[in-house]
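Engineer: Can you read through this structure? Questions will come right after.
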Amino acid sequence: MAYQWDFSPVLANAPLLVEGLVNTLRVTGTALVFGVALGLVLALLRLSPRRYLSWPAGFVIEVFRTTPPLVQLFWFFFALPILVGIEMTPFMAGAVTFSIQSASFFAEVFRAGIQSIERGQWDGARAIGMRHDQALRRIILPQAVKRMIPAFMERAIELMKTTTLIATISYADLLFAANEVSQKTFRPLETYTVVALIYFVVIFLASQVARLVELRLARSGESTVH
Amino acid sequence: MRWDFASVFDNTDALLVGAAGTLRIFAICLVLGLSLGLLVGLGRYSRNRWIHIPATIFVEFFRNTPVLVQILWFYFALPILLPFQISPLVAASLGISLNSAAFSAEIYRGGIQSIETGQWDGARALGMRWGQAMRRIILPQALKRMLPALTNRAIEIFKMSTLASAVAYVELLQQGKLIASLNYNPIEAYTAVAVIFFVFLWPLVQFSYFLERRLKRDE
């Protein structure tokens, strides 16, 4: 049985796929920005000596790291809107879910980074009269962030792969566009193959950049955290 | 808004069926993914180009594409090339197992490479062949170092099993969807599903933290 491959119907629908890719990058970018910011907040709360701050932060981090992201997405899309009485678009549900989900992973990266900085740095900052938050902002975080870069990039790549889940609630990302094009052209084999290759090229390039950055950091003698 | 879990408890049977489905696909993908990963990992370690290059391409391809895309490819695209249909369980198991094989191959490779060459030399000095040295000397030591990472992989596989619902395989999330649409109770249904996953996974996650701490202490 020889199947006749024919990519031309898929290529005719290239604009749909491009739009899908742009939407994928939009969700990834949004979740990345909010995820990193929220992750830093969660990490600082979790490191706080005050239990009423560290426990809730630890709870959020553990719940979102332990439950499957698709379950979270369904909860935010189907359950939360009824609970709080607001309309939730698929994009909003995805952005909220992936932001909090990636924030709980980023939080652990931040925590490992901050904890990897030697005590002497804190002591030195204190000795020249800095308060806790000044020491954190000026001395600790700048050093910690550099060590966290490889782990960050790895997480960002994971995030991009996770955003495909948003297709299941009908947001027009690249995977959803694949579904649409394959139904329109009756060419699922070619469509899904092309889309898999698009994902591969984008993610592979991002992985290579991450690898290069890690090598450079390693060469400059910088230790990294994971 | 009043929470009412009675409508969820009325469907305990459906949830049990879902839990059985989740555990089934988890077990299949855990066994296939981790054993295939060992083969691929050894393949990447091989000096023979004909083994080394395909193993590397396999790892790079499956690590750098989303699992959901892989599952949908196996479900919608692959059957066109085959003379038979592919069931949701097979499509989802293929996607998740091959993806896990690629990730665990890197764990095995890192673990094996972390063993000092002196161990190889010692084994060889005792007259062991490569396969014997690997099986009796290197792997037992490497496995101990790899255990935390492999446990994390198992946790990831458990979480990934929910993606099988995208091709309508009957597992917990799929049953949650069903219950929510029959009883108009998405809040309770999806909360219950989330709690069930948390209950399954939390001990496993704590166990992985324990392994990581122990490894850090021992080394």
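Engineer: So is residue A:176 more than 14 Å from chain B (Cβ to nearest Cβ) and either among the β-branched types (Val, Ile, Thr) or under 28 Å from residue A:74 (Cα atoms) (or both) or not?
Structural biologist: It is false that residue A:176 is more than 14 Å from chain B (Cβ to nearest Cβ) and either among the β-branched types (Val, Ile, Thr) or under 28 Å from residue A:74 (Cα atoms) (or both).
Engineer: Just to be sure I understand, how many residues within region B:121-134 are within 30 Å of residue B:63 (Cα to Cα) and surrounded by 13 or more Cβ atoms within 10 Å (Cβ to Cβ)?
Structural biologist: Of the residues in that region, 2 qualify.
Engineer: State which residue pairs qualify: first residue without any contact (Cβ under 8 Å) to a residue 24 or more places away in the chain and more than 11 Å from chain B (Cβ to nearest Cβ) and inside region A:150-169, second residue part of a helix (DSSP H, G or I) and of a type in the set (Asp, Glu) in any location, beta carbons under 8 Å apart, and separation of 6 or more residues or different chains.
Structural biologist: none
Engineer: Of the residues that sit in region B:44-62 and are β-branched (Val, Ile, Thr) and out of contact with any Lys or Arg (no Cβ under 9 Å at 6 or more places or on another chain), which one is nearest to residue A:201 (Cα to Cα)?
Structural biologist: The qualifying residue nearest to residue A:201 (Cα to Cα) is B:57.
Engineer: Among A:110, A:106, which is buried (at least 22 other Cβ atoms within 10 Å of the Cβ) and either closer than 27 Å to residue A:167 by Cβ or within 14 Å of chain B (Cβ to nearest Cβ) (or both)?
Structural biologist: A:106
Engineer: Restricted to region A:70-102, and to residues that are touching a residue at least 40 places away in the same chain (Cβ under 8 Å) and closer than 18 Å to residue B:3 by Cα, which residue is surrounded by the fewest Cβ atoms within 10 Å (Cβ to Cβ)?
Structural biologist: In this case the residue turns out to be A:77.
Engineer: What about residue B:164, is it in contact with a helix residue (DSSP H, G or I) (Cβ under 7 Å, 6 or more places away or on another chain), of a type outside the set (D, E, K, R), part of a helix (DSSP H, G or I) and within 11 Å of chain A (Cβ to nearest Cβ)?
Structural biologist: For residue B:164, the condition - in contact with a helix residue (DSSP H, G or I) (Cβ under 7 Å, 6 or more places away or on another chain), of a type outside the set (D, E, K, R), part of a helix (DSSP H, G or I) and within 11 Å of chain A (Cβ to nearest Cβ) - is met.
Engineer: Check whether at least one residue in region B:128-150 is assigned to a helix (DSSP H, G or I) and within 14 Å of another protein chain (Cβ to nearest Cβ), and report yes or no.
Structural biologist: yes
Engineer: If a residue has to be aromatic (Phe, Trp, Tyr) and either in a loop (DSSP other than H, G, I, E, B) or surrounded by fewer than 19 Cβ atoms within 10 Å (Cβ to Cβ) (or both) to count, how many in region B:181-199 make the cut?
Structural biologist: Adding up the residues that qualify gives 2.
Engineer: Does region B:99-110 contain any residue that is over 19 Å from the mean Cα position of the chain (by Cα) and assigned to a helix (DSSP H, G or I)?
Structural biologist: no
Engineer: Looking only at helices (runs of 4 or more DSSP H) that fall completely inside region B:1-93, which ones have 3 or more residues that are exposed (fewer than 13 other Cβ atoms within 10 Å of the Cβ) and more than 13 Å from chain A (Cβ to nearest Cβ)?
Structural biologist: Result: B:12-45.
Engineer: Here's something else I'd like to know. From B:105, B:92, which residue is among the small types (Gly, Ala, Ser), in contact with a Phe, Trp or Tyr (Cβ under 6 Å, 6 or more places away or on another chain), touching a residue at least 60 places away in the same chain (Cβ under 8 Å) and more than 23 Å from residue B:218 (Cα to Cα)?
Structural biologist: B:92
Engineer: Of these, A:42, A:47, which one is farther than 28 Å from residue B:172 by Cα and surrounded by fewer than 19 Cβ atoms within 10 Å (Cβ to Cβ)?
Structural biologist: Matching residue, one of A:42, A:47: A:47.
Engineer: Which residue, of A:8, A:54, is surrounded by 15 or more Cβ atoms within 10 Å (Cβ to Cβ) and without any contact (Cβ under 8 Å) to a residue 12 or more places away in the chain?
Structural biologist: Among A:8, A:54, only A:54 is surrounded by 15 or more Cβ atoms within 10 Å (Cβ to Cβ) and without any contact (Cβ under 8 Å) to a residue 12 or more places away in the chain.
Engineer: What number goes with the only condition from (1) in contact with a Pro (Cβ under 9 Å, 6 or more places away or on another chain); (2) within 12 Å of chain B (Cβ to nearest Cβ); (3) among the hydrophobic types (A, V, I, L, M, F, W, C) that residue A:61 does not pass?
Structural biologist: Condition not satisfied by residue A:61: (1).
All of the numbers you see were taken from the coordinates with simple rules; none came from a lab. These figures come from a predicted structure and were not determined experimentally. Using ideal geometry, Cβ is built from the backbone for each residue, glycine included, and neighbour counts are taken over all protein chains shown.
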